[in-house]
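The values are calculated or read from the model by the stated rules, or taken from the named source; none is laboratory data. Since the structure is predicted, the reported quantities are computational estimates derived from the model, not experimental observations. Cβ sites come from the backbone with ideal geometry, for glycine too, and all protein chains shown count toward neighbours.
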Amino acid sequence: MKRTPFYEIHASLGAKLVEFAGFEMPVQYSGIIDEHLAVRSSVGVFDVSHMGEFEVRGANALAFLQHVTINDVARISEGAAQYSAMCYEDGGIVDDLLVYHCGDHYMLVVNAANRTKDLEWLKSHLIDGVELIDRSDTTALLAVQGPKSLPTLQTLTSADLSTISSYHFTRGTLAGVPMLISRTGYTGELGFELYFDADVATCTRAWEEIFRAGKEFGIKPIGLGARDTLRLEMGFCLYGNDIDRTTHPLEAGLGWITKLEKGDFIGRSALVKAKEEGIKRRLVGFELAEKAVARHGYDLALNGSVIGTVTSGTFSPSLGKAIGMGYVRSDLAQPGNLVNVLIRGKAVPATIVKTPFL
C-alpha cells in the first residue's frame with residue numbers, strides 16, 4: 001500500500017489505519033463521533049493527500065475541459081474553482097471532481113480511488129494543444145475544517161483568509177510553506193484546503209505548526225470515518241456509493257452542474273435524451289424512525305415491493321438519528337413520503353426528507 005507524507009504522524013498518534021484507494025489511511029483517531037463533533041464545533045485536520053491532482057496546460061486546455069466535463073469551465077475566472085463531473089457517452093459518471101483555474105493552466109482534483117482510471121480516460125480524449133500532467137505523487141493536501149479553521153490558520157499566514165470566498169483560492173505562504181489555499185470543503189463547515197509540496201519534512205513542519213496554532217481551540221486530527229459522516233449530513237455524494245458509472249448526474253441531483261446549453265460534451269446526448277424522456281429515479285435523503293443504520297446496498301421498499309436502493313447511511317452524530325441516501329422511483333421521491341429500509345429481514349420505517357440533513 002502507498003503512504004502519504006503524513007503516515008508517520010498518523011502512526012505516532014495511534015490512528016486506526018486501513019486500506020483505502022491503495023493507501024494506508026487513518027479511519028479514526030479518538031473516535032468517529034468525537035472527531036465529527038470537533039469539526040462541527042471547532043476545528044479538525046484531514047490528511048487527504050491520497051486525492052489525485054492533474055494539471056491541464058496548453059492553448060486548447062479550455063476546449064478540452066469543456067468537452068470532458070459537464071459544467072461550464074468558461075464561467076470560472078482565474079482564482080476560482082468549480083465542482084463538476086465527467087461522464088461516459090451513455091451519461092454514466094466517470095468521476096466527480098474540482099476544476100481550479102490557475103491562470104496559465106487548470107488543476108483537476110479527482111477522487112483517490114479513481115485517479116488511475118481518470119488519468120487514462122482523460123488521456124484517451126486528449127486533443128492537440130493540450131498537456132496533461134499527473135502531480136498527485138508530489139502534492140500534499142490537508143483539509144482544515146470547522147468554525148475555528150480561520151483563526152487557526154490566519155496566525156500562520158500574511159494572506160487575508162477572510163477574503164477567500166467559497167469556491168475560490170489564493171496562493172501564499174502558510175507556516176513558512178508556499179501553498180495554494182482554497183475554500184471548497186466537504187463538511188459543510190467553514191474550511192480550507194492546503195495544497196503544497198509532498199516533501200516529508202515540509203509536511204511535518206506544516207502539520208506541527210497548524211496544530212500549534214489550533215491548540216487553543218482543541219484542534220484534532222480527523223480520519224476518513226468522520227469525513228464520511230460529515231459529508232453525508234450535508235447530502236454530498238460519494239463516488240462509488242451515491243454516484244458511479246451506472247448513475248447519471250440528473251438523477252443524482254447534479255443537474256445544477258450539468259450545463260446542457262454550453263455546447264457538446266461527452267455524455268450530453270444521453271443526458272438530453274434522459275431529460276426529454278423524464279427522470280426515472282432520483283437520489284433522495286431519508287431519516288429512519290429507529291437507530292438501525294441503513295447500509296449501502298440495502299433495499300428500499302413500499303408495501304412489500306422494492307422501490308430503490310440505499311447508497312449511503314450512517315448514524316448522524318449532530319442530529320442524533322439515523323440518516324441515509326438512496327435512489328427511489330421519481331414518483332415516490334417527494335419529501336414526506338414514507339418508505340421502508342429492509343435491514344436484515346426487517347422493514348424499518350423511514351421518511352424521505354430534503355437534503356442537506358443539517
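Identification of strands (runs of 3 or more DSSP E) wholly contained in the stretch 267-358 with 3 or more residues that are over 18 Å from HIS248 (Cα atoms) and out of contact with any Lys or Arg (no Cβ under 8 Å at 6 or more places or on another chain) yields 299-302, 305-316, 338-343, 346-353. Evaluated against (1) at pLDDT below 95; (2) acidic (Asp, Glu); (3) in the same structural domain as ALA15 (by TED's automatic domain parsing), GLU290 falls short on exactly one condition, (3).
A quick yes/no check of all residues on (1) within 20 Å of GLN82 (Cβ to Cβ); (2) of a type in the set (Lys, Arg); (3) touching a Cys at 6+ places or on another chain (Cβ under 6 Å); (4) not in a loop (DSSP other than H, G, I, E, B):
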site	(1), (2), (3), (4)
PRO178	no, no, no, yes
GLU193	yes, no, no, yes
CYS203	no, no, no, yes
GLY225	no, no, no, yes
THR247	no, no, no, no
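Scanning the stretch 285-330 for residues that are over 21 Å from ALA226 (Cα atoms) and either in contact (Cβ under 8 Å) with a residue 60 or more places away in the chain or small (Gly, Ala, Ser) (or both) yields ALA289, ALA301, GLY304, SER305, GLY308, TYR327, SER330.
Of ALA112, ALA198, which residue is at pLDDT 95 or above, under 21 Å from ILE9 (Cβ atoms) and in contact with a His (Cβ under 7 Å, 6 or more places away or on another chain)? The match here is ALA112.
Exactly one residue out of VAL130, VAL144 is more than 28 Å from ILE266 (Cα to Cα), modelled with pLDDT of 95 or more and surrounded by 17 or more Cβ atoms within 10 Å (Cβ to Cβ), and it is VAL144. Using the structure shown, decide if ASP90 is farther than 20 Å from VAL130 by Cα, at pLDDT 95 or above and either in the same structural domain as LEU180 (by TED's automatic domain parsing) or under 14 Å from the mean Cα position of the chain (by Cα) (or both). No. The residues of the stretch 71-110 that are out of contact with any helix residue (DSSP H, G or I) (no Cβ under 6 Å at 6 or more places or on another chain), closer than 20 Å to SER124 by Cα and among the charged types (D, E, K, R), listed by number, are GLU89, ASP96. Restricted to the stretch 219-246, and to residues there that are under 17 Å from the mean Cα position of the chain (by Cα) and among the polar types (S, T, N, Q), the residue that is surrounded by the fewest Cβ atoms within 10 Å (Cβ to Cβ) is ASN241.
Considering each residue of the stretch 163-172 in turn, at least one proves to be part of a helix (DSSP H, G or I), of a type in the set (S, T, N, Q) and within 28 Å of ASP96 (Cα to Cα). Can you tell me which residue in the stretch 144-162 is farthest from ILE222 (Cα to Cα), limited to those that are outside any loop (DSSP other than H, G, I, E, B) and touching a residue at least 60 places away in the same chain (Cβ under 8 Å)? The qualifying residue farthest from ILE222 (Cα to Cα) is PRO151. Tallying residues that are more than 29 Å from ASP34 (Cα to Cα) and hydroxyl-bearing (Ser, Thr, Tyr) within the stretch 310-358 yields 2. Of all residues in the stretch 110-130, none are assigned to a strand (DSSP E or B), touching a residue at least 40 places away in the same chain (Cβ under 8 Å) and closer than 20 Å to VAL177 by Cβ.
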